[in-house]
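Here the structure is laid out as structure tokens; the discussion comes afterwards.
Only the coordinates and a few stated rules stand behind these numbers; no lab work does. Treat the numbers as computed from the prediction; the structure is a model and nothing was measured. Neighbour counts are summed over all protein chains in view; Cβ atoms, including those assigned to glycine, are modelled from backbone coordinates with ideal geometry.
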Amino acid sequence: MGGAGGAPALTGLIASGVSLAPTVARAQALRIRDAKTTPSVCPYCSVGCATLVHTVEGKIVNIEGDPRSPHNEGCLCPKGAAIFQLHVNPNRPTQVLHRAPGAADWEVWDLERAMNRVAALVKKTRDETFVETLPNGKLVNMTPAIFSLGGATLEIEFNHLQQKLMRGLGIVAIENQARI
Ligand code: SF4
């Protein structure tokens, strides 16, 4: 009921010309007043916008652009502005979910079981499709049957090892937003 009545009241307030900026600024200041500030970098793309991470008792309470940064000057794009939800988001899956071919429902899998399954499928696919040489005799040692897709939210160390693993397996179809 409060929400239903609140929105029209707020809309009316804004329409009447009342500035909410000081209230918003004060709420923002209170939210991070006792927080520890740690400089960081947005993980999403190669622009690498600088951020400030605010924590209270070790928990992230806010992430925003760092105004000291020469290239983003405190701004973040909509994706970067949502980094907070990368860390604090009750909708994020926290378990491995597996849906068998043809099944309608997801099943919770133990991580070890899932990793073993992926490893077995990678080996099977690679064994069945590995190409050592092309018809013209050129040595290629590759499989065209596996594709690797990574995201920039994966950290540099992971992406580095991922590239080594993929190329070592002979996988050539590799895409990653981080473009290492
Ligand atoms: S804030 Fe946006 S532009 Fe900046 S690094 Fe993150 S995703 Fe890239």
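Annotations for the structure displayed:
- Relative contact order [Cα under 8 Å, 6+ residues apart], the range 130-180, whole percent: 40 percent
- MRE, 222 nm, helices only [DSSP H, n ≥ 4, -39500 (n - 2.57), over the chain, to nearest 500]: -11000 deg cm²/dmol
- Ranked packing of 143-150, 19-26, most packed first, by mean Cβ within 10 Å: 143-150, 19-26
- Against the rule of thumb 2.2 N^0.38 Å, how large the Cα Rg of the range 89-132 comes out: 1.53
- Contact order normalised by residue count of the chain, Cα under 8 Å, 6+ apart, percent: 13 percent
- Our compactness index for the range 64-180, the C-alpha radius of gyration over the empirical 2.2 N^0.38 Å, is 1.45.
- Relative to the Cα centre, the charge distribution of the chain, modelled as +1 at Lys and Arg Cβ and -1 at Asp and Glu Cβ, gives a dipole magnitude of about 120 debye.
- Packing-based order for 99-108, 39-48, using average beta carbon neighbours within 10 Å, highest first: 39-48, 99-108
- When peptides 114-123, 63-72 are sorted by average Cβ neighbour count within 10 Å, with the highest value leading, the order is 63-72, 114-123.
- Nitroxide proxy distance, nm - points 7 Å out along Cα→Cβ at ALA173 and HIS98: 2.4 nm
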